[in-house]
Amino acid sequence: MSNKILYLIIFQSIVSWSQSTEIEKSLFVVGDDSIPNSSINLKEVVVYQPLIFESYDSAKSYAILRNRTYKVYPYAKLASDRLQILNRRLKNIEGKRKKRKYLKRLEKFIYEEFEQDLKKLSRSQGKILIKLVHRQTGETTHSLIKALRNGWRATIYQATASFFKLSLKETYDPKNNYQDYLIEDILLRAFSSEKLVEQKTALEYDLNQLYYLWKEKMKKPKNVPGQVKYRLIN
């Protein structure tokens with residue numbers, strides 16, 4: 001009888017030790033955290049629709065648009081950052097005269113800081129930049145100038161832009177403008193791959209919903225046998 005009891009004690013000890021060992025093996029220490037965890041939190045992975053195009057020209061156009069977007073997005077991001085800082089500072093400045101003086105000084109500073117870079121932008125890049133300013137701030141470039149300076153200055157800038165076939169009143173609308181949809185696709189893929197630094201946007205869109213929206217809008221007959229598809233590699 002005593003042997004049976006001893007056997008049971010030894011058996012239970014082995015089982016308990018085995019379970020403890022298995023638990024220890026399944027625990028992980030992450031970074032500087034001294035508390036073991038039973039799992040590791042992995043970074044969220046976003047899966048995008050594959051980039052497939054009907055023709056070589058459409059794939060090439062997307063690649064060109066991507067390069068232009070990569071180049072001008074940082075300026076739109078900077079514009080949004082500066083606008084937020086500007087609005088905070090203006091709240092602490094009393095009197096319209098002091099505010100006008102501050103805005104004029106700021107305009108001169110920004111002009112001198114970015115004049116050479118912005119001059120190098122092509123008309124196509126300038127158009128994308130105007131759209132992205134609207135995406136990041138929720139306001140058109142024209143309305144920002146009008147609010148921060150005055151209507152007359154906004155009119156002058158708009159007239160100047162029109163000489164280059166640009167409009168400061170341009171808006172960002174990926175639901176109704178196919179190029180804007182492609183820009184949104186480019187940005188979200190770039191944020192996911194950390195090719196661009198994401199900044200919270202004033203206008204938010206669901207890329208998956210946009211994909212199916214434009215798939216329906218641009219619906220074409222079923223593939224013709226032998227038709228070549230083009231896939232763009234990031």
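Taken together, the values in this text are just the output of simple stated rules run on the coordinates, not laboratory data. Small disclaimer: the values here were computed from a predicted structure and weren't measured.
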message: Could you tell me how far the Cα centroid of region 178-222 sits from the Cα centroid of region 75-99, in Å?
response: 30 Å
field: Over region 52-217 - Rg/Rh using Cα atoms and the Kirkwood inverse-distance radius
entry: 1.00
task: Take region 127-166, compute every pairwise Cα distance, and split them into 10 Å bins from 0; I just need the percent in each bin.
output: 32, 54, 14
- prompt: Scattering from the C-alpha atoms of region 132-193 alone, worked out with Debye: what is log10 I(q)/I(0) at q = 0.12, 0.14, 0.25 1/Å?
  reply: -0.37, -0.49, -1.00
- prompt: Gain in length, Arg82 to Lys119, computed as 0.36 nm per residue apart minus the alpha-carbon separation, to one decimal in nm?
  reply: 11.3 nm
